[in-house]
Amino acid sequence: MASGAAGRATLGLTKPAAIEIPQVSFSAKEIDFAEWKGDLLAIAVSESDMSKDEDLKFLNSILKRLDGQLNGLLSDASIEEDFKGKNGQSMVLRFPGFGFRRLGLFGLSQSATSVAATHRDIGEAIAAVAKAAQASSAAIVLASTNGVSEEFKLTAASAISIGIVLGLHEDNRYKSESKKPYLKSVDIIGLGFGPELDNKLKYSNAVSSGIIFARELVNSPANVLTPAVLAEEASKVASVYNDVFTAKVLDAEQCTELKMGSYLGVAAASSNPPHFIHLCYKPPSGDVKTKLAIVGKGLTFDSGGYNIKTGPGCLIDKMKFDMGGSAAAFGAAKVIGQIKPPGVEVHFIVAACENMISGTGMRPGDILTASNGKTIEVTNTDAEGRLTLADALVYACDQGVEKIVDLATLTGACIVALGSSIAGIFTPSDELAKEITAAALLTGEKFWRLPLEDSYWESMKSSAADMVNSGGRQGGAILAALFLKQFVNEKVQWMHIDVAGPVWNDKKSTATGFGVSTLVEWVLKNSS
């Protein structure tokens, strides 16, 4: 993120350093792997690839040949290191005097349902070893490619390249010193070559840049990434790809004219004013056959308001990630701007603001009026994301779109239900559920469809208004989805995705960029 002046936060005098996305050149080659020269030769192996005969010789032809070249050292080392090719296992050996300085074996899951997820993991593992070894060149070979389809090869090569770039990326913008990755070139051997694969690798490069952009948005602290700065970053995407994008940012006054009382109620307590962001993608040529909207929750910080987040597990220190839905939307926009799919118009919509505490803020018991005229009794100021999304969804429907997907770090209940790596999806449309599920199969991101149980709506009814904004703990993620449904035109196919779990990686304490790649695949599926 560059440092423009408009609306820049000054709190703490913190400015992010500029960091370049790792620039790695990927080449698909059909060459003899044993002749390859460079820093790191990586072999992806499954448990069955590691099988040996009674003389402890590898049965797999690639491993057998390497072991012969190394006078049996590979077989000996795999026994000593107890390397069995299990998912997540790796073994790296140093071989001075050979064409490759290091040889790495990386375990490849055989049971994984997603080719993309498994091979992206392999890419990330290779990146970690390349970083530690300060390798500038690497090659990757799959030990077994017999009988696999061309589609498998394309998907595997693409996922490996995305995994390597994401594995190399370290968000050090807020550290006084940072290292640059050394890895510059990667040869993908044995997965084919030619224009189709080259185009796929170009596409993967665009996807990586979108995921990294989303990660950096989420990682940015709330004193740097204010609603104004989020609007600025989104507008930059539109200006870079101005042949296909236009940007519109509405201020509080314009939102008042559009009667967005629900969104403005949340924004009222903050000294950082709200910014309602609308990017519109139109293809460079040809007719538009389908109009889509991607709506992202954009709370750049969520204190909980008067129902302030307190106690263990409240995650108040992590609430910079409460704009993870908007980061996925704008990350996808960055990719769409690069690949320019035909036949589809896409609206990226985010009602950005902060949920703070002040004398001007909304109180529990207040009644807000949304832009579709529905009234909401605020029973919990910490159920604020749905209040901002309500007006964003009404606005999206007004753009004349046929399908809407919204993404939001909406409920802790969804994390309780599905854990930290699976997003919950809610939709009355089986067709839309199939579209997103098919897109996710290609990307390896995990989604699970949860029910929109209409009978639960009883607990969301208010005696003073049309509805309350929070209906208790049981089925909390479902109640939130049912709330959003009140603001979507019945003629529009709509899906809500709760990304509260997978948007953040606790182990690495960093954002994941979740949702970007699946959104892009979904747009492509709708492109002619």
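The values are calculated or read from the model by the stated rules, or taken from the named source; none is laboratory data. Just so it is clear, the model here is predicted, and its values are computed rather than measured. With ideal geometry, Cβ positions are generated from the backbone for all residues, glycine too; neighbour counts draw on all protein chains shown. Accessible surface areas use protein heavy atoms only, side chains included; no ligands, DNA or RNA. Shrake-Rupley method; radii C 1.70, N 1.55, O 1.52, S 1.80 Å.
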Out of everything in region 380-392 that is acidic (Asp, Glu) and assigned to a loop (DSSP other than H, G, I, E, B), what residue ends up being nearest to the chain's Cα centre (by Cα)? 384
Residue within region 218-241 that is open to solvent by 40 Å² or more (accessible area, probe 1.4 Å), among the β-branched types (Val, Ile, Thr) and either at pLDDT 95 or above or in contact with an Asp or Glu (Cβ under 8 Å, 6 or more places away or on another chain) (or both) present: yes
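Going through region 242-256 one residue at a time, which ones are open to solvent by less than 20 Å² (accessible area, probe 1.4 Å) and either under 18 Å from residue 281 (Cα atoms) or at pLDDT below 95 (or both)?
Taking region 242-256 as the starting set, the residues that turn out to be open to solvent by less than 20 Å² (accessible area, probe 1.4 Å) are 244-245, 250, 255.
Passing the criteria: 244, 245, 250.
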Would you confirm, using the coordinates I've provided, whether residue 14 is within 30 Å of residue 334 (Cβ to Cβ), exposed (fewer than 13 other Cβ atoms within 10 Å of the Cβ), at pLDDT below 95 and out of contact with any His (no Cβ under 9 Å at 6 or more places or on another chain)? no
Just a yes or no: is a residue in region 316-331 within 26 Å of the chain's Cα centre (by Cα), surrounded by fewer than 22 Cβ atoms within 10 Å (Cβ to Cβ) and either of a type in the set (D, E, K, R) or at positive phi (or both)? yes
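Regarding region 309-322, can at least one residue be identified that is aromatic (Phe, Trp, Tyr), in contact (Cβ under 8 Å) with a residue 24 or more places away in the chain and within 14 Å of residue 230 (Cβ to Cβ)? Explain how you work it out, then say what you get.
Start the filter on region 309-322 by keeping residues that are aromatic (Phe, Trp, Tyr), which leaves 321.
Going one step further and asking which of them are in contact (Cβ under 8 Å) with a residue 24 or more places away in the chain, we end up with 321.
Restricting the remaining residues to those that are within 14 Å of residue 230 (Cβ to Cβ) gives 321.
Looking through region 309-322, at least one residue is aromatic (Phe, Trp, Tyr), in contact (Cβ under 8 Å) with a residue 24 or more places away in the chain and within 14 Å of residue 230 (Cβ to Cβ).
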Six or more apart or on different chains, Cβ atoms under 6 Å: show the pairs whose first residue is in region 504-528 and more than 20 Å from residue 434 (Cβ to Cβ) and whose second is among the basic types (Lys, Arg). 511/215; 513/215
Can you pull out every residue in region 420-453 that is touching a residue at least 60 places away in the same chain (Cβ under 8 Å), outside any strand (DSSP E or B) and of a type in the set (A, V, I, L, M, F, W, C)? 422, 432, 433, 436, 438, 439, 440, 441, 442
Does region 381-390 contain any residue that is over 18 Å from residue 325 (Cβ atoms) and in contact (Cβ under 8 Å) with a residue 40 or more places away in the chain? yes
Cβ-Cβ distance below 9 Å, separation of 6 or more or different chains: which pairs start in region 399-419 with a residue that is outside any loop (DSSP other than H, G, I, E, B) and end on one that is open to solvent by 10 Å² or more (accessible area, probe 1.4 Å) and basic (Lys, Arg)? 403/291; 408/386; 413/473; 418/446
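What about residue 421, is it out of contact with any Gly (no Cβ under 7 Å at 6 or more places or on another chain) and either crowded, with 22+ Cβ neighbours inside 10 Å or under 26 Å from residue 351 (Cα atoms) (or both)? Before you say what the answer is, go through the steps one by one.
Values: out of contact with any Gly (no Cβ under 7 Å at 6 or more places or on another chain): no; either crowded, with 22+ Cβ neighbours inside 10 Å or under 26 Å from residue 351 (Cα atoms) (or both): yes.
No.
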Where a residue in region 248-259 is at negative phi and its partner, wherever it lies, is part of a loop (DSSP other than H, G, I, E, B) and surrounded by 13 or more Cβ atoms within 10 Å (Cβ to Cβ), with Cβ under 6 Å and at least six apart: 252/273; 252/274; 258/371
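Out of 299, 292, I need the residue that is open to solvent by less than 10 Å² (accessible area, probe 1.4 Å), touching a Lys or Arg at 6+ places or on another chain (Cβ under 6 Å) and outside any loop (DSSP other than H, G, I, E, B). Which one? Lay out the reasoning, then the answer.
Details: 299 fails: touching a Lys or Arg at 6+ places or on another chain (Cβ under 6 Å).
Criteria check complete, one pass: 292.
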Any residue in region 469-486 that is open to solvent by 10 Å² or more (accessible area, probe 1.4 Å) and in a strand (DSSP E or B)? no
Quick check on my filter: what residues within region 108-148 are touching a Phe, Trp or Tyr at 6+ places or on another chain (Cβ under 8 Å) and open to solvent by less than 10 Å² (accessible area, probe 1.4 Å)? 122, 126, 130, 135, 139, 141
From the set of residues in region 42-91 that are within 19 Å of residue 138 (Cβ to Cβ) and β-branched (Val, Ile, Thr), which is farthest from the chain's Cα centre (by Cα)? 62
